[in-house]
Amino acid sequence: MRTAAIIGGGWAGFAAALTLARSGWSVVLHEAGREPGGRARGMELALPDGTGHRVDNGQHILIGAYTSSLELMRSVGVDPEQALLRKPLTLRYADGSGLGFPDWPAPLDALAGIACARGWSAGQRLALLTRAARWRFAGFECEESTTVAQLCNGLPQRLLDEFIDPLCISALNTPMQEASASVFLRVLRDALFSGRGGSHFLVPRSDLGTLFPIPAARWLAQHGQRVQLGSRVIEIIPQGEQWALATAAGHAPEQFDAVLLACPAPEAARLALSAAGHASLPAREGIAFERWAAKAQALEHRPIATVYAWARQGEHPARLALPWLALRNTQQAPAQFVFDHGQLGGPPGLMAFVISHSQADKTPLQAQVLAQAEQQLGLKLTALRSVIDKRATFACTPALSRPAPELGHGLWACGDYVQGPYPATIEGAVRSGIQTAQALCLPQ
Ligand SMILES: Cc1cc2nc3c(=O)[nH]c(=O)nc-3n(C[C@H](O)[C@H](O)[C@H](O)COP(=O)(O)OP(=O)(O)OC[C@H]3O[C@@H](n4cnc5c(N)ncnc54)[C@H](O)[C@@H]3O)c2cc1C
């Protein structure tokens with residue numbers, strides 16, 4: 001039986017572990033944290049009444065076109081239709097303006113949604129429909145060097161502010177002036193043309209850990225595979241054709257046929273470099289590892305913040321008009337979306353504000369979000385906890401050169417940043433995990 005060590009228990013690492021285990025490999029997955037799931041995991045939140053409630057380390061949203069993630073959830077016994085609230089694409093503001101697709105087959109849903117958008121003039125709606133038709137005619141492709149702002153040049157400012165920018169920032173976590181137009185178009189194409197429900201928004205009803213990483217860890221354990229939580233790998237050591245690991249917890253030495261780096265890019269680069277200088281590695285492969293690490297280290301990252309807050313309207317817990325609303329955002333009013341967890345299986349009054357590409361520190365950010373909510377939603381809020389992940393995603397810029405999945409000598413990589421069609425998303429991570437594992441299973 002062939003053996004693999006997987007370093008990192010995010011969605012990519014678990015996707016790879018399941019794929020390898022189902023192909024007859026024996027795997028050991030090392031995850032540095034105590035919770036599986038990496039950037040898409042659950043965490044405990046203390047509520048004002050002293051009870052605890054599980055939320056995400058950062059509010060996430062999936063779309064219907066994320067078929068690999070949904071399939072993988074099903075494969076470990078999770079029903080995505082129960083675990084996620086599914087709604088046709090909705091970008092509505094508190095005043096009711098904005099976009100809401102009907103639940104129709106694609107692309108009729110998009111056509112009807114745009115044609116009936118509230119608050120946009122007939123000219124603005126026509127401009128978007130015409131531009132969308134032009135993108136479709138061009139096969140949703142453009143020059144690799146184009147930014148989303150260049151792609152959308154000439155569209156009315158209101159469409160840029162209320163449709164293009166919110167979509168771009170939530171899908172790519174990169175402002176449209178810097179974001180890759182070809183990746184943006186690919187996400188649009190998959191959402192709008194991958195079949196009925198591809199553009200639906202899917203919002204977790206329970207914390208992200210329970211959606212996949214925890215059931216995946218359970219599945220692996222039930223099938224004789226090993227998941228080591230709280231186990232940081234500090235070095236990977238080539239030993240002839242095989243590999244050994246050094247862990248902070250000092251696990252007994254073991255040899256593997258392959259190692260999969262499923263940790264974030266900077267850590268994967270560090271581990272690759274730790275192996276590159278090893279005496280037993282042929283010099284040619286050491287150089288290939290160094291080149292790979294340089295590419296991984298060159299990626300820039302962008303933050304995402306989530307402010308969890310308790311909202312009242314008078315004496316009662318607040319409830320939004322919809323489970324989530326878009327917010328008008330500026331530098332002083334930084335949140336782009338608010339999610340009402342009372343409508344997502346959580347306690348009434350619990351809100352999550354999302355600040356993609358967030359710039360401010362925690363205290364000023366929290367104050368700005370509370371003021372924004374009072375002004376735009378009429379809500380009185382008490383902040384409960386704010387989480388800023390400074391390296392939430394890589395900056396999805398034009399013509400980005402992303403590291404390849406194979407480093408050589410039985411060393412591989414998977415994760416949202418590895419070469420692939422998508423920006424840094426759960427689906428990008430999952431697809432990368434599956435594809436790297438499948439490549440590993442091919443006769444070498
Ligand atoms: C706040 C926030 C909001 C987001 N919103 C969305 C969204 O709405 N929709 C969406 O699709 N995506 C979203 N993303 C992006 C998505 O979460 C990531 O793209 C995805 O989770 C990346 O998965 P991964 O497995 O590639 O990496 P990670 O999740 O980073 O997993 C890597 C794992 O490796 C572990 N590790 C690191 N070093 C070591 C080591 N030396 N030894 C052992 N283990 C190690 C880490 O602890 C981690 O668990 C968001 C991300 C954040 C942070």
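Okay, here's what the table says:
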item: Of all accessible heavy-atom area on region 94-199, the percent that carbon and sulfur account for (1.4 Å); result: 56
item: Rg/Rh ratio calculated on Cα atoms of the chain (Kirkwood radius); result: 0.98
item: Top of 283, 117, 65 by mean-square fluctuation, Gaussian network on the chain, Cα under 10 Å; result: 283
item: Burial ranking of peptide ranges 51-60, 238-247 (average Cβ count within 10 Å, highest at the top); result: 51-60, 238-247
item: Zone of residue 144's modelled label, taken as backbone nitrogen in region 154-182 under 15 Å from a point 7 Å along Cα→Cβ; result: 180-182
item: Inter-part distance where region 141-172 and region 181-235 are each reduced to a Cα centre, Å; result: 26
item: Cα centroid separation - region 285-341 against region 347-387, whole Å; result: 11
item: Antiparallel bridge percentage (DSSP; both residues within the chain; nearest 5); result: 75
item: GNM top mover of 254, 71, 267 - the chain, alpha-carbon springs below 10 Å; result: 254
item: Nearest-ten-degree value, helix 122-137 long axis tilted from longest Cα axis of the chain; result: 30
item: Cα centroid separation, region 37-58 to region 62-126 (Å); result: 26
item: The chain: angle of helix 11-22 to the longest principal axis, Cα-based, in degrees nearest 10; result: 50
item: Total lysine pairs whose alpha carbons fall under 29 Å of each other in the chain (8 or more apart, or interchain); result: 5
item: Highest to lowest packing among 166-173, 103-110, scored as the average C-beta count within 10 Å; result: 166-173, 103-110
item: Unit charges on C-beta of K, R, D, E only; dipole of the chain, Debye; result: 500
item: Sequence ranges 327-339, 379-391, ranked by mean other-Cβ count within 10 angstrom, highest first; result: 327-339, 379-391
item: The chain, relative contact order in percent, only Cα pairs under 8 angstrom and at least six apart counted; result: 23
item: Mean separation of Cα contacts under 8 Å, 6 or more apart, over the residue count of region 94-199: relative contact order %; result: 30
item: Potential extension, residue 221-residue 122 segment - 0.36 nm per residue separation minus Cα distance; result: 29.9 nm
item: Convex hull volume of region 94-199 per residue (C-alpha atoms, cubic angstrom); result: 98
item: Å² of accessible area per residue within the chain, as computed with a 1.4 Å probe and no ligands counted; result: 41
item: Gaussian network model of the chain, springs between alpha carbon atoms under 10 Å - residue of 112, 32, 258 with greatest fluctuation; result: 112
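The values are calculated or read from the model by the stated rules, or taken from the named source; none is laboratory data. Worth saying up front: this structure is predicted, and the values here are computed from it rather than measured. Glycine gets a Cβ as well: all are built from the backbone with ideal geometry, and neighbour counts include every protein chain shown. Heavy atoms of the whole protein, side chains included, go into the accessibility calculation; ligands, DNA and RNA do not. Shrake-Rupley method; radii C 1.70, N 1.55, O 1.52, S 1.80 Å.
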